[in-house]
Structure formats: C-alpha cells, structure tokens
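S.K.: Structure provided below as structure tokens; questions to follow.
The values are calculated or read from the model by the stated rules, or taken from the named source; none is laboratory data. Predicted model only: the values in this text are computed from it and were never measured. Don't worry about glycine lacking a Cβ; one is built from the backbone with ideal geometry, like all the others, and counts go over all protein chains shown. In case anyone asks, the SASA skips ligands and DNA or RNA and just uses the protein heavy atoms, side chains included. Shrake-Rupley method; radii C 1.70, N 1.55, O 1.52, S 1.80 Å.
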Amino acid sequence: MSLQTKIPDGPLEKKWQNYKKNAKLVNPNNRKKLEVIVVGTGLAGASAAASLAEMGYNVKSFCFQDTPRRAHSVAAQGGVNAAKNYKNDGDSVYRMFYDTLKGGDFRSREANTYRLAECSTSLIDQAVAQGVPFGREYGGYLRNRSFGGVQVSRTFYARGQTGQQLLLGAYQALMRQVHTGKVKLFARHELLDLVIIEGKAKGIIARNLDTGEIERHGAHCVVLATGGFGKIYYLSTLAMGCNASAIWRAHKKGALMANPSWTQIHPTSLPQSGEYQSKLTLMSESLRNDGRIWVPIDKDESRHPNAIPEEERDYYLERKYPSFGNLAPRDIASRAAKEQIDASKGVGTLKNAVYLDFSRALKEYGKEVIKERYGNLFDMYHKITGIDAYKEPMKISPSAHFSMGGLWVDYELMTSIPGLFAIGEANFSDHGSNRLGANSLLQACVDGYFILPYTLANYLAGEINVPKTDIQDPAFEVAEEKSRKQLQDFLTIKGTKTAEEFHKELGRELYDKCGLSRSKQGLEKAIVNIRKLREEFNTNLLVPGDINEVNSELEKAGRVADYMELAELMCIDALHREESCGAHFREEYQTEDGEAKRDDEHFSYVAAWEWNKEPSNPKLHKEALVFEFVQPTLRSYK
C-alpha cells in the first residue's frame, strides 16, 4: 500500500491556494444528484453537514445522542485559536504554524499544519457572523488570551464555554438545512459497519438505538466526524458515550490508523477522588493564564494550603520553564505534575493532585475581573467539590483527554479508502505528537467549514454519473449480517462481568503502562495483559436484555470490544517508536534533565497501521515527514 499524501506543490503559503485553484468542481445541478453521509454532529460533523447541504448536496447526518447539541464539542471550554494579531504582540499565520508544529514536537505535516493556521482567521469571522458571543474589550473589539505553548495572545473565547457556543452556531446552521430538507437527521443511531463497494466507501450499517432496528444507508461517499478515543482509558475528560467504534470499524475495512498511541493527558482536570467515578471533569487550560501551579516543598504536607507560607511552596513550572511558566504545553505540564506527585508532594484526599492558585491574580485584578474571565469555571468547581476557589487554591490533576492519533488521511482529508473522509479529532493530521490548547475547536471547525467542501467536491466530481447506491447490493447484506451476528454473540455469552467492569480494567492497564510515561518492559507486559483480558471478555461478558429494544449494555459491549483491539495497537505503536516525542514519553529515551529525547534520524515519520486480519499482527506503513520550510529543533520551553 502506497501512501499518497497529495500535498500540492509550491511555497508553503501558496499550497492551499494552489489546491483550490486546481481542484475539480461540481456544478449546482449535479450536486442535487449526490448523497453524502456524515457520521457525527460535533463541531466537525455539524459544520460539514451544514456546509455541504448549503452547497446543494443531499446529506444524511447521524449521531448517537438524542440531539446534535449533546455532541462532546460542548466540553471544550477555553477558547479557539486564530492568528488575527489583535494584540499587536507579534502573532502571524507563520508564527501560529510554527508554534503548532513545535508544540507537536515536529511530528506533523508542514502543509496540513500551515493550512490550519491559515484558515484560522476566517473561522473567527464565520463564528461572529453566526452570533457566537466571544468576549470583547470595553471598546467592542474581540478579546484574546494566551494558552499553553505560545508567547502571544491568540485565543478567542466565550467565558469558559467556547465549545458550547461554537457548537450552537454550527447546530443552528445544521438545523436550518434540516428544515429545508437538504439534511436528513438520524439521531439515536450508531454506526455498526462501513460498506465498501468496488473499493469505495458507499454507505454504512447503523442501529437505531431506540428500536434496535438495524438499517442500511447508502451514499456516494462517507465522512466520519466521530471524535477521539481518550475514553479508552475509562477515567478521562470525555463524556461517557465517546468511543472509537466508527473509526475502528473503518480501520478493519482497510482504513489505516495513524499514530494511535499519541494520546494527550490534560494537566488541568479535577483529580480522581474514589473508585466510584466513571469520568473526570476538565477544568479549562485558560485558568493557567492567571492561576499559578505549585506543590508544597515538604513531602506528605498535611496543612491547609492557605497555611503554607510562600517560601515553602514550589512553583515548579515557573522554576523549570521560566520562558513559558504556567503556560508550558500540556504534555510537559502533565509530566511535571506527575513528577511532583510521584515524589510524594501530591495534595488532596488521594495525594494525586497539585494546587492551582489564584490568590496573586485576585490581589492584582480584583475578584470581579477574575469572575468575568472564569466565573462559570469557578462555579463549576464549587458545585463539584464544595470548595470556593476564590478563597483557596483549586486542586487539579492530569487525566486522559485528546487523541492526536486517528485515521490516516491525505491532504484532502481522505483516508486510504477512496470515498471515506475523516475530519476533526477522528483523523491524525494536524497536531503531531501533542496538541496545543485551543487548536481542537479550530481544527474541527476548519475541517468542516473550509476544507472538506473543496476536497469532497474534488472527489465527487468523478462520481457525478455514478447512480445512487443500491442498499440491496450484496456488500450491504454481508455487512449487516456480520453486525447482527456480533450483537447476538454478545448476548449469548452470558458471563459474569459487565462491559463496564472490563472497560475499567482495560483503562487502568493502559493508564499505568501506556499513559503519561511508557517503557519497553511495561508495554510488553501490557500487550500480554490486554490479550488475556480480551480473551476473558469474549468468554465471560454479561449483557442482559435483547437486540430489539433500548439496550445501553449492548451498546457498551460493542464499544468495549473495539477498545480491546485498539488498546493493543496503541501499545504496539508505542513500543515500536523508540524515542520520546510530545505526549509519547518513553522512559528509556530522555535527556539528563528528564525531558523528551526525539530521534529524527530514525522516527521522523507517521506510523500508519494496516489491519491484518487480527489485532496482534498489524502491518506498519511509514509516511516520511519531509520538512522543506522549517528545520526541526530541540523542543525547549526553558
């Protein structure tokens, strides 16, 4: 299998323009003949479906939630990046491109990363036109703040609910098209399989989660906008329903999975407080603009934080990374927190957290200013913990968050299966081995609003004379029967452990051995343990109920079955990459002062894995990362 990236020729700043100049088009009358399936209604999926329908395509939109408004994009709170340079502090498209490339430890494509920065400026104008209530200065100008890994202010925000406000804009655009009839919305539907006819993606098998009915849906192409798979760790910042099933089942049909082990551990989460928990709550990274992170200098400190004098506090990020301080990138801030916790300096009930302190900012700016900036986050913290963060420091801890890995896509966002596109967090393309804060909402919106409408048209121009997909084709029959059999098999095992129990065990194994740090010995052990757990899952799973009814346990079983296979690939991917880069920290490959040690000579490539009939024997394909315009350098924030 040859990986064709389809990166256009020309200077970096001209590549996207050159692509658009030469891309094939579909005229408005022909768009009416073409059908597109979009799976997922988060920012990427809703923006794509709305944009394509507005252009005249017939769109089918699927989500497993009861409404598109419940998509997990609402949880991204802190902001969205754009190189507008409103602060006149030296920002530019090139600066944003370089920050993103460096933030990802020089493990992403130059062309894709530059396009992300280039399109960022248009997104803000689009969102303002939709009515997104971004924060504004007294004079009416849009306000900016900083995020980790940068030294400029380029993050636009709507208090601490930016994702929700952006999603409402995309949702309104989507529902407008539903009203016109150009989008058919299928809520409470879950993708069970991808259908391929003559080598091209032509439809999906979906299950109606309210009735249990298994349905066939055909189209001229399929777009997956189904988010990331951080929930594989069980305890994560993601919603309970988030899963990897859509991209994993596409992977088993031939779509390559790229860099699956690159998962971001977010430094600003509420810590685990007991075994009863099923998820963790994300506190926005924006809090690190004004909050200072510290731990007590003494081990096993038991005093109230306000009783610990200044000279007995270690502001370790400010000490270790003076240029960036508390705004060090997420992977670095998370590892630094783990280092302090492992040294018995953790705080809180389980001694698994560090302090995030606003006392200095409150003295400098006053409570009203801090409340205006972060008030709803402080309210949320108080509601969950019972602690008033205006009076004492917050407690935060690292937890699983964003997937930098995902389906391999070319410059057009098309996977290795013709006609199958992956956008937003479902693909791997823009962030390298670590995502900078506030680039997640950006990528989702840019992919859906500004990139896919061009690249999808370039593909569909060759499908104009192709008749409507026949859902009676044998390929649909085979895929439906396979999906039905898997569901029935789950019900007939009749073991003693629920999918939830298996998921919790798997998550603990992954977090311990393929989480914040990894080692050869740990990963090899994890692979053995995951295989054993998968065998037990296949023989001892308990799923009550029936197929033909609402059955959340049956839904979970399918998702955890996919996690059992994906988890092994994550560990295989982490084991093969004998270097440290970004969120992938191999203990054997670090500098003398404990920082990640990259190996550009041997590992400057995208690891794209092919399904090879069973989960323990994937086939590796390498996409060499060629740096024409930037020379990879030591990634230092000191």
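S.K.: Would you pull out the residues with amide H under 5 Å of residue 313's amide H, same chain only if 5 or more places away, H placed 1.01 Å from N?
M.R.: Amide H neighbours of residue 313, under 5 Å, 5+ apart: 297.
S.K.: Same structure again: Compute the length gained on full extension between residue 593 and residue 311: take 0.36 nm times their separation in residues and subtract their Cα-Cα distance, giving the result in nm to one decimal. Working shown, then result.
M.R.: Working: separation 282, 0.36 × 282 = 101.52 nm, distance 2.40 nm.
Stretched fully, the residue 593-residue 311 segment lengthens by 99.1 nm.
S.K.: Projected onto the charge dipole of region 54-203 (+1 at Lys/Arg Cβ, -1 at Asp/Glu Cβ, origin at the Cα centre), which of 57, 178, 197 gives the Cα projection farthest towards the positive end?
M.R.: So the residue furthest toward the plus end is 178.
S.K.: Using +1 on the beta carbon of Lys and Arg, -1 on that of Asp and Glu, and nothing else charged, what's the dipole of region 502-622 about the Cα centre, debye to 20? Don't skip to the end; give the middle numbers.
M.R.: Values: 18 positive and 26 negative charges, 38 e Å.
Roughly 180 debye for region 502-622.
S.K.: Find the eigenvalues of the gyration tensor of the Cα atoms of region 272-379, then list the square roots of 5 times those eigenvalues as equivalent ellipsoid semi-axes, largest first, in whole angstrom.
M.R.: Equivalent ellipsoid of region 272-379: 21, 18, 16 Å, largest first.
S.K.: Using amide H atoms built in the peptide plane, which far-off residues or other-chain residues are under 5 Å from residue 135 H to H?
M.R.: 143, 157, 158, 159
S.K.: Classify region 237-288: rounded, prolate or oblate, from the alpha-carbon gyration tensor (a ≥ b ≥ c, eigenvalue square roots; a/c under 1.5 rounded; otherwise prolate if a/b is larger than b/c)?
M.R.: prolate
S.K.: Considering the convex hull of the alpha carbon atoms of the chain, report its projected area averaged over all viewing directions, in nm², one decimal.
M.R.: Over all viewing directions, the chain projects a mean Cα-hull area of 27.1 nm².
S.K.: Oh, and also: Per q in 0.11, 0.13, 0.15 Å⁻¹, report the Debye log10 I(q)/I(0) for region 462-600, using one uniform scatterer on each alpha carbon and no solvent.
M.R.: -0.59, -0.72, -0.81
S.K.: Taking 51 Å as R0, compute the FRET efficiency from the Cβ-Cβ separation of residue 197 and residue 122 and round it to 0.05.
M.R.: 0.90
S.K.: P(r) tail for region 1-130, what percent of Cα pairs lie past 27 Å?
M.R.: Value for region 1-130: 36 percent of Cα pairs lie more than 27 Å apart.
S.K.: Given 338/383; 252/279; 84/597; 497/613, which pairs have Cα atoms separated by over 31 Å?
M.R.: Violating the 31 Å Cα-Cα cut-off are 84/597.
S.K.: Using a Förster distance of 56 angstrom, determine the FRET efficiency expected from the C-beta separation of residue 55 and residue 349, and round it to 0.05.
M.R.: In this case the efficiency is close to 0.55.
S.K.: Next question, about the same structure. I need the Kirkwood Rh of region 182-241: take the reciprocal of the average 1/r across all distinct C-alpha pairs and report it in angstrom.
M.R.: The answer is 13.5 Å.
S.K.: Classify region 134-200 as rounded, prolate or oblate, taking a ≥ b ≥ c as the square roots of the eigenvalues of its Cα gyration tensor: rounded when a/c is under 1.5, otherwise prolate if a/b is larger than b/c and oblate if not. The partial results should precede the final answer.
M.R.: Values: a/c = 3.42, a/b = 1.92, b/c = 1.78.
It is prolate, given that a/c is not under 1.5 and a/b is the larger ratio.
S.K.: When the chain is fully extended, how far beyond the present Cα-Cα distance does residue 492 get from residue 531, taking 0.36 nm per residue of separation?
M.R.: Contour length minus Cα-Cα distance gives 11.9 nm.
S.K.: Turning to a different aspect of this structure: Under the 0.36 nm per residue contour assumption, what length would be gained going from the current alpha-carbon distance of residue 382 and residue 252 to full extension?
M.R.: So the extension gain works out to 42.4 nm.
S.K.: Now for a separate question. Leaving out ligands, DNA and RNA, and with a 1.4 Å probe, what % of the accessible surface on the chain is carbon or sulfur?
M.R.: The computed percentage sits at 49.
S.K.: Using a basic spin-label model with each label point 7 Å from the Cα along Cα→Cβ, how many nm lie between residue 13 and residue 137?
M.R.: My value for the distance between the label points is 2.5 nm.
S.K.: May I ask you to derive the FRET efficiency for residue 549 and residue 339 from their Cβ-Cβ distance with R0 = 30 Å, giving the value to the nearest 0.05?
M.R.: FRET efficiency, residue 549 to residue 339: 0.05.
S.K.: While we're looking at this one, here's another question. Please report the antiparallel percentage of the DSSP beta bridges confined to the chain, to the nearest 5.
M.R.: So the antiparallel bridges amount to about 70 percent of the total.
S.K.: Roll a 1.4 Å probe over the protein heavy atoms and report the accessible area of residue 153 in Å², nearest 10.
M.R.: Accessible area, nearest 10 Å²: 20 Å².
S.K.: At what distance in nm do the modelled label points of residue 617 and residue 6 sit from each other, each positioned 7 Å from its Cα along Cα→Cβ?
M.R.: Between residue 617 and residue 6, the label points sit 3.2 nm apart.
S.K.: Can you give me the C-alpha center-to-center distance between region 175-221 and region 13-92, rounded to a whole angstrom?
M.R.: 18 Å
S.K.: Does region 533-638 come out rounded, prolate or oblate, given a ≥ b ≥ c as the square roots of the eigenvalues of its C-alpha gyration tensor, rounded meaning a/c under 1.5 and, failing that, prolate meaning a/b above b/c?
M.R.: Prolate is the answer for region 533-638, as a/c is 1.5 or above and a/b outweighs b/c.
S.K.: On each of the three principal axes of the Cα atoms of region 99-241, give max minus min coordinate, whole Å, ordered largest first.
M.R.: Here the Cα extents, ordered largest to smallest, are 54, 39, 34 Å.
S.K.: Moving on. Let me have the 222 nm mean residue ellipticity of the chain computed from DSSP H runs of 4+ only, each contributing -39500 (n - 2.57), with the sum over all residues rounded to the nearest 500. Mind showing how you got there, number by number?
M.R.: On the way: 18 runs with 226 residues, N = 638.
Only helices count here, giving -11000 deg cm²/dmol.
S.K.: Okay, next question. Which ³J(HN,Hα) values, rounded to whole Hz and listed in residue order, are derived for region 262-278 from phi using the Karplus coefficients 6.51, -1.76 and 1.60 in 6.51 cos²θ - 1.76 cosθ + 1.60 with θ = phi - 60°, glycine and proline given as x?
M.R.: Calculated HN-Hα couplings, in order: 7, 10, 7, 9, 7, x, 10, 10, 6, x, 5, 10, x, 6, 6, 6, 10 Hz.
S.K.: Going by average Cβ density within 10 Å per residue, which order do the peptides 348-360, 494-506, 279-291 take, highest to lowest? The partial results should precede the final answer.
M.R.: Values: 348-360: 18.8, 494-506: 17.1, 279-291: 23.3.
So the order, starting with the most tightly packed, is 279-291, 348-360, 494-506.
S.K.: Given a cut-off of 18 Å, name the pairs among 485/556; 60/231; 231/556; 231/532; 520/638; 20/60 whose C-alpha atoms lie farther apart than that in the structure shown.
M.R.: Values: 485/556 16 Å; 60/231 26 Å; 231/556 12 Å; 231/532 21 Å; 520/638 29 Å; 20/60 26 Å.
Listed pairs above 18 Å: 60/231; 231/532; 520/638; 20/60.
S.K.: Let me ask something else. Across 5 Å bins from 0, what is the distribution of all Cα-Cα pair distances for region 515-590, in whole percents?
M.R.: Cα pair-distance distribution for region 515-590, in percent: 3, 14, 21, 17, 13, 11, 9, 7, 4, 2, 0.
S.K.: Pairs of alpha-carbon atoms within less than 8 angstrom and 6+ residues apart define the contacts here; what relative contact order does region 153-305 have, in percent?
M.R.: Contact order relative to length: 14 percent.
S.K.: Using the crude model of +1 on Lys and Arg Cβ and -1 on Asp and Glu Cβ, and no other charge, please compute the dipole size for the chain relative to its Cα centre, in debye to 20.
M.R.: Dipole of the chain, to the nearest 20 debye: 1240 debye.
S.K.: Could you rank the peptides 559-567, 469-477, 293-301 by their average count of other C-beta atoms within 10 Å per residue, with the highest value first?
M.R.: Ranked by mean Cβ neighbours within 10 Å, highest first: 559-567, 293-301, 469-477.
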